[in-house]
Structure formats: structure tokens, C-alpha cells
Amino acid sequence: MAAFLLPLNTATAVAVASAKTAENPNVSGVQLPDKTRNSRVLVLGGTGRVGGSTATALSKLCPDLRIVVGGRNREKGASMVATLGKNSEFAEIDVNNKDSLEAALSDVDLVVHAAGPFQQAQKCTVLEAAIETQTAYLDVCDDTSYAFRAKSFKDRAVSANIPAITTGGIYPGVSNVMAAELVRAARSENKGEPERLRFSYYTAGSGGAGPTILATSFLLLGEEVVAYNKGQKIKLKPYTGMLNVDFGKGIGKRDVYLLNLPEVRSAHEVLEVPTVSARFGTAPFFWNWGMEAMTNLLPAEYLRDRSKVQQLVEWFDPLVRAVDGIAGERVSMRVDLECTNGRSTIALFSHRRLSVAVGNATAAFAVAILEGSTQPGVWFPEEPEGIAVEAREDLLKRAAQGTIAFVMNKSKRAWIRNICMRMLETESHVDRFSGFRFPKCIRNAGNYM
């Protein structure tokens, strides 16, 4: 494995993170500008899995930052502060109370909202408080309604001169930037117009992310899936449309299913790709069966009720944690882009531990904001006003620290050839175009939305 990353504007493959990087995720610290080097960053949900991972990654990436761990549990807060060290403190905060939030935000430079789940939330209370106190903002939202509600505050954020990014975690988040780079590279090389974009995600078990990701998954089963086909919005049943996707070395082939995720709409509108969809799968395989069964057996209204879903989480959590110990927490994202001339490229990101990767990803967005990459307003990650085009390479480098595979702008034909070279022992036949022996299952694979 190699520890290098070629410039993204070369539109060539970049891979793979080294074992050295995996063992030491702080191989390349960040020197922030003088005016933001000692910034105070409040991480809401900082005692949880996602927020705690983000706080840890930030403290390693930028040791001079002062981290405020925001949460409700003082005992957990004290434990996190002890882990982070002298440049950290705990603040007891109610994210649903605007007055409490505004008081907490009054002396911080950036707030990272990681206190999910975001599904079925009716207000953007943290964002509103950030605008009122003129505090830069980042969230890890993974809900379409919440994300576009946050987007509606753009003009207010511009007036307050506040930079804000919504959906700035791992997926959505880093996956959006990966997609934006694929699209930019295709258009800059004049090799056909992008026409189909597919997001495929895999996480083993709960990914070590705890009950929040479990609640998120259940709540998403209550939402109709919005996808786009040749420019037309279509609605589909959640956890249907299964595809078997190869995530490469360390992950392999996994079944993934349609879910309603915000990057589908944002990528369609921002990147102007006419056909877009997103799928997710987990392991062991019986969790996917269970998700399908819940979609078919439970009314959508039940799965949209946060109190009822919380009961489900309490019932399932002990079992999920037990299985997590066996399944691990590997995570992978694959983004496929197809163009009108038949050109197909992929981007791939795989990590052994979601609980670490999500922190690295969110911290990368936080640092980009502190570096001044984000303009005033509320932006999605793929918008150049959110993450400037010239800042994407640094963001992806930081997010990809510790990965077992990281690939950008690789031709799909070369990707399949690499897969097939590893499968020569299987039943196969000679491909007339290249002379390589391709397994029939891949040779006959068709396009999908």
C-alpha cells in the first residue's frame, strides 16, 4: 500500500492509505491561520459516538484548538475532557433550548452539531442560534427535510456574515465532495456530460456508532425514497431495489438497498446530474433482512414516530452491540459516475472503523471552515461556496487518514479489470475487448439507477 495522494485535478486514480497512516491518524497536523489557530470549537453531542469521535479527531488534527464538549451528561463529559486534555472543557447544553444554545455559543468560533438523530426534527434550533450569535456552523445531518430546511436559512446567514455547512459528515459529506470531484473532472476533460450518479454505502453492524445510527436507520425506513431518473423525481419504497456492489479490498461485495438520503437531491440540483440514487447495506446479512421486514410489516407512520422508534432502539440495542463485537465496524463508500459517451469513473473510501472515520471526516469539514474555505451562507458540501474547489483535495486527504482504500476518478473499466484479475480462479471466459478473463457475473452486469 502507498501513502500518497495525487492531485485531484489530474482525474487519475489515487490510492491507498498506508498502514503507517492507519496506526497514526495524526501524521499530518494542520497549521491554521493565526486568527483561527486558537479558535474555540463547540461540539454538540460531544459525549456521543459521532461527536466524541469528531472532538478527538479535531484535537489531534489541530492541537491548539480549544474544544468545548457539549452534552447533557456531566460524567460522560468529564471522561471526554480527560481524554482530550488541557485544551478542552465540558458545557451542559440543551440543544432544543434556543436561550441555552445562544448562551453557549456566545464565546465560541464554530459549532459542530452532532447531536442527532436529525430525522423528524421540526426546527433548526442550533443553526438559528448560530446565526443569532454570528457563530460559524457545521452539522452532520443525514435527513433530507432537515438539510433543505437548513438551506432555507441561507439569506439570513449571508446577512449575518456566517459560513455554514449542512450534511458535513462522512455520508453524506465526504461522499458529496467525492461526487463533485468526479463530475468536475468529467466536465473539465470534455469527455461526455455526466448523466448517472450512484452512491453506495456499506457499514458493518451499527459501525460502532451506537444507538443514534440505529435510530437514524429505523426512522429512514419510514420515509419514501426520493431518486431521480433522467431528470424526473420518482418516489420508491425504502429498502428495495437491492444491488450487489463490489467495495473492493477489505470489504468485498455487499448488498445495498435504496434509502432516502439528502445527497441524492442536493447532488441532482447542485451538480446537475439527471439520474441520481443512493443505497445502503449492512452486515451480517440478516440485518438487511430485518430492515426489509420492518419496512414491510410496520406502518410508515410508526417508523416516523421518534418515541416509538426510540422504544425499538432500546429493544434492539443490546443485540446489536453483541453482534457488533463479531461484525466489526468497517465502512465503505463507493460513488459511480456515468457519462453520455460511455465513460464511467468511480470514487471509493473504505475504513476499518466507522467510529474513527466519521470523526476524521467531520473534523476535515470543521478545519476547512476555520481555514476560510466557506463563504457566508448555508451550503451543501458539493457547492463550491461550501468547500472551495481548490480546498477539496486537502479535505479529502484529511478525511481519508487511516483508510484501507481511497480511490478517486478511477475508470470503471480499470476497476473491473483489477477485480477480475483477483478472480481468475473462478469460472470465466475471455473478454474480446481486452483479452483478460472476466467472470460472467461481471461481464453481464447491467446498468442500474
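Derivation of every value follows stated rules applied to the coordinates shown; laboratory data play no part. On a predicted model such as this, the values are computed, not experimentally measured, just so you know. Note that we place each Cβ from the backbone using ideal geometry, even for glycine, and neighbour counts take in every protein chain shown.
So here's what we get for this one:
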{"quantity": "Extension gain, Glu89 back to Asn244 (0.36 nm per residue minus Cα-Cα distance, nm)", "calculated": "51.3 nm"}
{"quantity": "Interchain or long-range residues, amide H under 5 Å from Gly377's placed H", "calculated": "Val158, Ile162, Ala164"}
{"quantity": "Zone of Asn73's modelled label, taken as backbone nitrogen in the range 38-54 under 18 Å from a point 7 Å along Cα→Cβ", "calculated": "43-54"}
{"quantity": "Whole-Hz couplings from phi, Karplus 6.51/-1.76/1.60, listed for the range 330-343; x for Gly and Pro", "calculated": "5, 9, 8, 10, 10, 10, 10, 10, 10, 10, 5, 8, x, 5"}
{"quantity": "Sequence ranges 30-38, 94-102, ranked by mean other-Cβ count within 10 angstrom, highest first", "calculated": "94-102, 30-38"}
{"quantity": "Rounded to 5, percent antiparallel among DSSP beta bridges of the range 159-316", "calculated": "55 percent"}
{"quantity": "In nm, spacing of pseudo-spin labels at Lys397 and Ser152 (7 Å Cα→C-beta vector)", "calculated": "4.0 nm"}
{"quantity": "Cβ-Cβ FRET estimate between Gln375 and Asp64, R0 fixed at 22 Å, reported to 0.05", "calculated": "0.35"}
{"quantity": "Model label zone, Ile326; criterion: amide N under 19 Å from point 7 Å along Cα-to-beta-carbon; scope the range 273-288", "calculated": "282-288"}
{"quantity": "Contact order normalised by residue count of the range 182-318, Cα under 8 Å, 6+ apart, percent", "calculated": "32 percent"}
{"quantity": "Label point distance in nm, Glu301-Gln232, each placed 7 Å from Cα along Cα→Cβ", "calculated": "3.1 nm"}
{"quantity": "Two-site FRET efficiency, Gln311 against Asn161, from Cβ-Cβ distance with R₀ of 41 Å, rounded to 0.05", "calculated": "0.40"}
{"quantity": "Cα-based shape type of the range 47-164, given that a ≥ b ≥ c are square roots of the gyration tensor eigenvalues and the cut on a/c is 1.5", "calculated": "prolate"}
{"quantity": "For the range 105-147: rounded, prolate or oblate by the Cα gyration tensor [a/c cutoff 1.5]", "calculated": "prolate"}
